[in-house]
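Have a look at the structure below, then the notes.
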Ligand code: ADP
């Protein structure tokens, strides 16, 4: 069984994330979308909300499941018999950090990182930018799943203009 993790904070999940998850699901027997649950970081959505949205988005893919993790990703991978980490690369600016992280993870544990080039239509897409644009009233409906857009609009309305990164 070849099993991969797609890690991230997913605050909230975007079409760019789902493009990578879907492509990973075709490369591996099983994909675990690993949601970082780091309490020190301020998020617009709680870990439970981020996981619930991902579970809904991943419903069409029978070999994809969603799990939260704390601490080191390599520990989570070892505990779940995950051999590879799949990361999307958007631009050269992603590369330096992702290469460093891949090499660190390989030195910590026997785990391979597989880089998947982002689809051109999603190369500018990041959760942080989606929140910022939506916070100023921009239309992000083409960039995130419809049910996520509804929850984002509701959350931003609850919080007034207060964005939390
Ligand atoms: P953000 O979306 O704000 O960059 P995440 O930590 O949730 O933050 O992203 C998790 C991972 O998902 C990234 O490290 C990257 O591998 C992948 N990813 C995110 N957005 C895209 C995108 N638009 N295209 C391809 N991969 C992406």
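Each value in this text was obtained by applying a stated rule to the coordinates, not by laboratory testing. Model, not experiment: these values are computed from the prediction. Using ideal geometry, Cβ is built from the backbone for each residue, glycine included, and neighbour counts are taken over all protein chains shown.
When you count the other C-beta atoms within 10 angstrom of each residue and take the mean per peptide, 49-55, 136-142 line up highest first as 49-55, 136-142.
When you count, for each residue, the other Cβ atoms within 10 Å and take the mean per peptide, how do 104-110, 81-87, 7-13 rank with the highest first? Each step should come with its number before you reach the end.
Working: 104-110: 13.4, 81-87: 18.6, 7-13: 23.3.
Packing order, densest peptide first, comes out as 7-13, 81-87, 104-110.
Remark: relative contact order (the chain) = 29 percent; criterion is Cα-Cα distance under 8 angstrom and separation of 6 or more residues. The slack in the chain from residue 29 to residue 79, taken as 0.36 nm per residue of separation less the alpha-carbon distance, amounts to 16.3 nm. Against the chain, whose longest principal axis is taken from its Cα atoms, helix 15-27 shows a tilt of about 20°.
Seen against the Cα atoms of the chain and their longest principal axis, helix 146-158 is set at about 60 degrees. Stokes-Einstein diffusion for the chain, with the hydrodynamic radius set to the Kirkwood value over Cα pairs and evaluated at 25 °C in a medium of 0.890 mPa s, equals 150 µm²/s.
For the chain, DSSP calls about 0 percent of its internal beta bridges antiparallel. Do the sum for the chain: with -39,500 (n - 2.57) for every DSSP H run of n ≥ 4, divided by all residues, what is the mean residue ellipticity at 222 nm, to the nearest 500 deg cm²/dmol? Calculated from helices alone, the mean residue ellipticity at 222 nm is -13500 deg cm²/dmol.
With a simple spin-label model that places each label point 7 Å from the Cα along the Cα-to-Cβ direction, the separation between residue 91 and residue 103 comes to 2.3 nm.
Using R₀ = 22 Å, calculate the FRET efficiency as 1/(1 + (r/R₀)^6) where r is the Cβ-Cβ separation of residue 65 and residue 22; round to 0.05.
Numbers: r = 14 Å, r/R0 = 0.64.
It comes to 0.95.
The fewest-to-most ranking of 26, 151, 159 by surrounding Cβ atoms within 10 Å reads 26, 159, 151.
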